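A.B. asks: First the structure, then my questions, so here it is.
Just so it is clear, none of the values below were taken in a lab; they were calculated from the coordinates. Given the structure is predicted, the values throughout are model-derived calculations rather than measurements. Heads up, the Cβs are rebuilt from the backbone with ideal geometry, glycines too, and the neighbour counts pull from every protein chain shown.
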Amino acid sequence: METLGRSGVEVRTNVKVVGVTKNKVLLAGGEELPYGVCLWSAGNAPRPLVSHIAHKIRDQAAAAESVRVPPGSKLCVDPFLRVVGATDLLALGDCSLVLGNRLPPTAQVAGQQGAYLAHLINSGYSLGVGGYSQPPPFQAVKRGALQSATDRSALLRWLAMTMVGGRQRLEAGSQVSDALFRMDSPPWVRAHSEALTAAPPLDEHGAAAAACDLGEVLAAAAAAGGADPAAAERASRECLRAVAAEAEARRRAAEVEEVRYWDRPFEFLNLGIMAYVGSDKALTQVEAFDWINLKLHGSFAFLLWKSVYITKQVSFRNRVLILFDWMKAKVFGRDISLF
Ligand SMILES: Cc1cc2nc3c(=O)[nH]c(=O)nc-3n(C[C@H](O)[C@H](O)[C@H](O)COP(=O)(O)OP(=O)(O)OC[C@H]3O[C@@H](n4cnc5c(N)ncnc54)[C@H](O)[C@@H]3O)c2cc1C
């Protein structure tokens, strides 16, 4: 406040602007501020696209109401940044609002949300529907061919047990393979799984073979007015093939036995707040690990602010260009020819 005051800025706090006309700003309480140039730097209206999407999704209105924001002003998202009430739709940054965890509309939040969603998408999870009552993003996972085979066949199980030396060692082995299987997910994902389907009964083959029995087919054909024996044999073979294909499809479906859930919601890591207040001065507040609480102001905070800006640039080229720009502005003043 002192720095701004010294620069000739009159700061008014707790004042609500209720309107802006051609040449004056109207304040609540009836006061009017005449102006020559009005520069509005507060409050962001939603983009038409954001409002349009929010109004198209039925659950968005209720979600907005629950956090007391005007409907259509933000896309309400769940802790996995999935748009509430929509399938396979994500939102991040200023256009979004995380239900239950209201975050400031800053680049710091938007950047971390971008990195979070990049990991989520690159890990191949199905997003599903956004909302609190919905399951998190998930993956249906097939078990290994050997594991499925030993699960199905008593002989293979016995063989495996004999080879590894008993049931306990087999169980320990399967726990190790399960742990290894989970390790291929990113380290921050605590993947967990649940059984989805039981293996199909294996005695169906006998029943199927009986249904496709050549004698039965011939008898059915005779009852229907007789049939060529060669054609009946072909029909029997076709029947057996169809039953075998169906059984194989059922077996494959049963192999998808586990669902991995992405159970790490987005968490914002606050790296601090910095604000430039003009006249080469800034404010800096850094809090971390419960024991760092750094509050700086003035020229040193300004240097820190500048160094963060430089390190955050995406390329070496940008860093150099911006440094030159700063030096140029210091010597010749700010270039406002484009405004
Ligand atoms: C003056 C000012 C100072 C700020 N200072 C800081 C600061 O010091 N630190 C900080 O952390 N944050 C700061 N912020 C906030 C920060 O800029 C935003 O939080 C951040 O940029 C949000 O990123 P975003 O990707 O969500 O949105 P944006 O950066 O706004 O990106 C949205 C993009 O979408 C594009 N777009 C919009 N509609 C469409 C459409 N229909 N089709 C295609 N593209 C479209 C826009 O053109 C834009 O490029 C400041 C903001 C302002 C205005």
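A.B. asks: When Leu33, Leu304 are ordered from fewest to most other Cβ atoms inside 10 Å of their Cβ, what list results?
C.D. replies: With the fewest neighbours first, Leu33, Leu304 line up as Leu33, Leu304.
A.B. asks: If R0 is 51 Å, what FRET efficiency do you get for Ala110 and Arg250 from their C-beta distance, rounded to 0.05?
C.D. replies: Efficiency, from the Cβ-Cβ distance: 0.60.
A.B. asks: On to the next question. Could you go through region 288-300 in sequence order and give the Karplus-derived ³J(HN,Hα) for each residue, using 6.51 cos²θ - 1.76 cosθ + 1.60 with θ = phi - 60°, rounded to whole Hz, and x for Gly and Pro?
C.D. replies: Values per residue, Gly and Pro as x: 7, 6, 6, 10, 9, 9, 9, 10, 10, 8, x, 5, 5 Hz.
A.B. asks: Using modelled backbone amide H atoms (1.01 Å from N, in-plane), which distant-in-sequence or interchain residues come within less than 5 Å of Ser96's amide H?
C.D. replies: Close amide H contacts, sequence-distant or interchain: Leu75.
A.B. asks: Here is a further query. Using the basic label-point model (7 angstrom from Cα toward the beta carbon), what is the Trp291 to Asn122 distance in nanometres?
C.D. replies: Distance between the two pseudo-spin positions: 3.3 nm.
A.B. asks: Here is a follow-up. Which ordering of Ser73, Ser307, Ser153 is given by a fewest-first count of other beta-carbon atoms within 10 Å?
C.D. replies: If I rank by nearby Cβ atoms, fewest first, I get Ser307, Ser153, Ser73.
A.B. asks: Sticking with this one: Taking Cα pairs under 8 Å and at least six residues apart, what relative contact order does region 48-134 come out at, in percent?
C.D. replies: 28
A.B. asks: What is the sum of charges, Lys and Arg at +1 and Asp and Glu at -1, for the other residues whose Cβ falls under 11 Å from the Cβ of Ser133?
C.D. replies: Result for the neighbourhood of Ser133: -2.
A.B. asks: For Gly128, what residues show an amide H to amide H distance below 5 Å, using hydrogens built from the backbone and excluding near sequence neighbours?
C.D. replies: Asp88
A.B. asks: If you rank Arg12, Arg241 by fewest surrounding Cβ atoms within 10 Å, what's the result?
C.D. replies: Arg12, Arg241
A.B. asks: Using +1 at the Cβ of each Lys and Arg and -1 at the Cβ of each Asp and Glu in region 270-333, identify which of Tyr309, Gly272, Asn293 lies farthest towards the dipole's positive end.
C.D. replies: Going by the Cα projections, it comes out as Tyr309.
A.B. asks: Could I ask something else about it? 7 Å from Cα along Cα→Cβ at both Glu238 and Asn23: what's the point-to-point distance in nm?
C.D. replies: It works out to 9.2 nm between the two label points.
A.B. asks: Now, a different point. Defining a contact as two alpha carbons under 8 Å apart and six or more residues distant in sequence, what relative contact order in percent does region 270-333 show?
C.D. replies: Value for region 270-333: 22 percent.
A.B. asks: Continuing with this model, one more query. Pairs Lys306/Lys328; Lys16/Lys295; Lys281/Lys328: which exceed 25 Å Cα-Cα?
C.D. replies: In this structure, Lys16/Lys295 lie more than 25 Å apart at Cα.
A.B. asks: Additional query: Using θ = phi - 60° and the Karplus curve 6.51 cos²θ - 1.76 cosθ + 1.60, what whole-Hz ³J(HN,Hα) does each residue of region 229-246 get, with Gly and Pro shown as x?
C.D. replies: Calculated HN-Hα couplings, in order: x, 5, 5, 5, 5, 4, 4, 5, 4, 4, 4, 4, 4, 5, 5, 5, 5, 5 Hz.
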